[in-house]
Every structure is written in structure tokens, then in C-alpha cells.
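Below: one structure, written as C-alpha cells.
The values are calculated or read from the model by the stated rules, or taken from the named source; none is laboratory data. All figures in this text were calculated on a predicted structure; none of them were measured in a lab. When we count neighbours, we look across all protein chains shown, and the Cβ atoms used for this are built from the backbone with ideal geometry, even at glycine.
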Amino acid sequence: MKISTYNVNSVNARLDNLSGYLRTENPDIMLLQEIKTEFNSFPFFELQSLGYDVKILGQKSYNGVAILSRAKIRITQENLPDFADDAARYLEGDITIGSQDWRVASVYLPNGNPPYNAPDDDSRFAYKLRWMEAFYRRAATLLELQKPVILGGDFNIIFTDNDVYAPQLFKDNALCRTPARQRLRAFLHSGWFDAFRCLHPQDAGYTFWDYSGAALQNDLGMRIDYLMCNAYAFDLIRQIDVNPAPRHADKPSDHTVLQMTLADK
């Protein structure tokens with residue numbers, strides 16, 4: 001089974017890019033973030049014509065998450081329970097591939113940085129921390145499931161200084177601030193596995209390069225996209241890698257694809 005996650009940064013703007021990846025790599029499951037569209041404007045026909053069942057939690061112009069699957073998707077949760085939120089950031093479902101049941105979720109954590117015109121406004125970071133606490137509660141519930149669970153997406157956290165090209169430049173950024181890192185560390189200590197870092201402890205694994213400043217050409221990147229696995233899923237991993245091709249394609253997202261192959265049983 002192959003699962004991929006991709007912050008597409010507007011699914012309609014990147015449809016050719018996304019479709020090319022799906023045709024080339026043929027993942028069984030694709031998790032998308034920042035689809036930036038409501039239901040009526042989502043390109044269901046184009047993706048279904050490639051053989052995918054599609055479920056989305058959309059929002060006009062911002063945020064939005066989706067799950068694509070070669071098998072039928074049964075949605076189990078839209079947005080986090082017991083957390084009032086106008087933003088579309090979490091979509092979870094059950095998928096059966098062959099004889100194996102999987103629980104997956106597409107996750108888009110808040111960025112948390114202040115508006116450019118109000119650098120002392122900490123409200124967005126406070127929202128990020130509240131969101132992470134609600135996510136932690138949901139993740140704890142999912143650990144009770146007796147089957148493989150994968151939570152994938154853009155976590156908007158640079159977990160360690162090894163996950164960014166110049167940590168000194170980001171020390172005050174919301175992606176690096178200690179409270180956010182602490183919450184992600186608590187999440188991992190609770191029983192989840194950061195699949196890429198477990199299998200590639202030394203590789204950079206960058207999944208994001210800014211559009212400006214020749215960041216891509218100079219590999220000035222950061223690792224903020226993750227595939228998090230419970231123990232059942234982690235035991236089935238065969239390979240995980242960053243696929244740089246979508247970032248080098250025409251009209252790319254500022255992210256690229258993180259992809260993982262697992263055994264069926």
C-alpha cells in the first residue's frame with residue numbers, strides 16, 4: 001500500500017501537477033492540504049476519472065483538506081471533535097485495501113505566525129496551541145484502535161534544528177517556538193512515530209521551499225510535512241521518501257510530496 005501527503009497550495013491551480021503525480025506514482029491513498037476551495041468548485045470529475053474516490057472538507061480561498069483513495073472512503077470525522085473551528089483542517093476516514101483496514105487523516109495545522117501589520121499579536125499562536133491540544137486528544141483516541149492508523153499532512157512545525165536549513169533565522173518563528181515543539185514531542189511520546197525521521201535519522205527530508213530567494217535552487221528548505229504512524233502502521237513500513245518532482249514541475253506548490261510504502265499485512 002502506498003500513501004502520499006501533499007500540501008497542494010490550491011488544488012485547482014495545481015491540478016495538472018497533482019494529476020501528473022497520480023498518474024506517475026499511482027498511490028493508493030493521497031492526503032491533500034490547503035485545497036483552498038469549497039465543495040462546488042473542487043475538481044471531483046478530473047480526479048475521479050483517474051480512479052480515485054474523493055472526500056473533502058473545503059473552505060473558500062483558504063485551508064481545506066482532502067482524502068483520495070483507490071478504494072472507498074468512509075469518513076469518520078470532519079474537523080476535530082469538541083473544538084469549535086471555522087477553518088477546515090482535519091478530515092479522517094476508514095479505507096479497506098485488500099484485506100487490511102486503515103484509518104487515515106489529512107491534517108493541516110495552523111501556522112501560528114502573527115499578521116505582518118501586527119507583529120506583537122499572539123492570538124494566532126494561541127489558536128495553534130489550542131488546536132494542537134484538541135489534535136492530541138483525538139490522536140489519543142485513535143491509539144485505541146486495533147489497526148494501522150496514519151495521520152499525514154502539513155504540521156507547520158520545524159521539530160528540531162536539523163529540520164531547517166538555517167535554524168538561527170527561525171528561532172522566533174511560530175514553526176519553531178518551544179510550546180509548539182513541546183506539544184509535538186508529547187504527541188510522539190504518547191505512541192506515535194514520525195515515519196520519515198525514524199527511517200532516515202540523518203537526511204534533511206525537506207518538503208517545503210519558499211518561492212522567493214532561489215530557495216529551491218539552493219536547497220533552503222524545511223521539513224514540515226509528516227506521516228505519523230501508530231505502532232500497527234509503523235511495523236508495516238517498507239519505504240518512505242520525499243518525492244521532489246512536483247516541486248520542480250510547472251506551477252508548483254511551495255511544498256512537495258512525502259510518500260510511504262507499507263505491507264498489506
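Output the number of residues of the range 1-34 satisfying the condition of being of a type in the set (A, V, I, L, M, F, W, C) and farther than 18 Å from residue 65 by Cβ.
Selection size over the range 1-34: 1.
Residue 204: over 13 Å from residue 3 (Cα atoms) and either of a type in the set (A, V, I, L, M, F, W, C) or in a loop (DSSP other than H, G, I, E, B) (or both), yes or no?
Spelling it out, residue 204 is indeed over 13 Å from residue 3 (Cα atoms) and either of a type in the set (A, V, I, L, M, F, W, C) or in a loop (DSSP other than H, G, I, E, B) (or both).
Is it the case that some residue within the range 236-246 is modelled with pLDDT of 95 or more, assigned to a helix (DSSP H, G or I) and either over 30 Å from residue 97 (Cα atoms) or of a type in the set (Lys, Arg) (or both)?
No; the residues of the range 236-246 include none that is modelled with pLDDT of 95 or more, assigned to a helix (DSSP H, G or I) and either over 30 Å from residue 97 (Cα atoms) or of a type in the set (Lys, Arg) (or both).
Within the range 105-122, how many residues turn out to be outside any strand (DSSP E or B) and aliphatic (A, V, I, L, M)?
Summing the residues that are outside any strand (DSSP E or B) and aliphatic (A, V, I, L, M) in the range 105-122 gives 2.
Mind telling me which of the residues 187, 125 ends up being under 20 Å from the mean Cα position of the chain (by Cα), in a helix (DSSP H, G or I) and more than 29 Å from residue 97 (Cα to Cα)?
When all the criteria are applied, what remains is 125.
Please go through the range 71-93 and give me each residue that is surrounded by 18 or more Cβ atoms within 10 Å (Cβ to Cβ) and among the charged types (D, E, K, R), ordered by number.
Those that are surrounded by 18 or more Cβ atoms within 10 Å (Cβ to Cβ) and among the charged types (D, E, K, R): 89, 92.
Which of the residues belonging to the range 30-58 are part of a loop (DSSP other than H, G, I, E, B) and over 23 Å from residue 261 (Cβ atoms)?
Residues satisfying the conditions are 34, 35, 36, 37, 38, 42, 43, 49, 58.
Which count do you get for residues in the range 85-104 that are part of a strand (DSSP E or B), among the aliphatic types (A, V, I, L, M) and under 15 Å from the mean Cα position of the chain (by Cα)?
Going through the range 85-104 one residue at a time, the tally reaches 2.
Among the residues of the range 129-153, write down those that are of a type in the set (S, T, N, Q) and either buried (at least 22 other Cβ atoms within 10 Å of the Cβ) or not in a loop (DSSP other than H, G, I, E, B) (or both).
Across the range 129-153, the qualifying residue is only 141.
Out of the range 14-29, which residues are assigned to a loop (DSSP other than H, G, I, E, B) and in contact with a strand residue (DSSP E or B) (Cβ under 6 Å, 6 or more places away or on another chain)?
27, 28 - these are the residues of the range 14-29 that are assigned to a loop (DSSP other than H, G, I, E, B) and in contact with a strand residue (DSSP E or B) (Cβ under 6 Å, 6 or more places away or on another chain).
Taking the conditions exactly as written (more than 18 Å from residue 243 (Cβ to Cβ) and either outside any helix (DSSP H, G or I) or over 14 Å from the mean Cα position of the chain (by Cα) (or both)), does residue 11 satisfy them or not?
The answer is no for residue 11.
Among residues belonging to the range 148-178 that are in contact with a helix residue (DSSP H, G or I) (Cβ under 6 Å, 6 or more places away or on another chain) and of a type outside the set (A, V, I, L, M, F, W, C), point out the one that is nearest to residue 223 (Cα to Cα).
The extreme case among them is 161.
Given the structure, is residue 38 at pLDDT 95 or above, of a type in the set (Asp, Glu) and closer than 18 Å to residue 5 by Cα?
no
Would you tally the residues in the range 102-128 being among the aromatic types (Phe, Trp, Tyr), surrounded by fewer than 17 Cβ atoms within 10 Å (Cβ to Cβ) and closer than 19 Å to residue 83 by Cβ?
Here the count works out to 1.
Residue by residue through the range 6-48, note down the ones that are in contact with a Leu (Cβ under 9 Å, 6 or more places away or on another chain) and charged (D, E, K, R).
The answer is 23, 46.
Give me the pairs, please: first residue somewhere in the range 52-80 and closer than 16 Å to residue 10 by Cα, second residue anywhere and aromatic (Phe, Trp, Tyr) and part of a strand (DSSP E or B), beta-carbon distance under 9 Å, and either six or more positions apart or on two chains.
Qualifying pairs under 9 Å: 57/90; 63/108; 64/108; 65/90; 65/108.
Looking at the range 249-265, which of its residues are within 30 Å of residue 101 (Cβ to Cβ), out of contact with any Phe, Trp or Tyr (no Cβ under 7 Å at 6 or more places or on another chain) and at pLDDT 95 or above?
Once the filter is applied, which keeps residues that are within 30 Å of residue 101 (Cβ to Cβ), out of contact with any Phe, Trp or Tyr (no Cβ under 7 Å at 6 or more places or on another chain) and at pLDDT 95 or above, the range 249-265 yields 256, 259, 260, 261, 262, 263.
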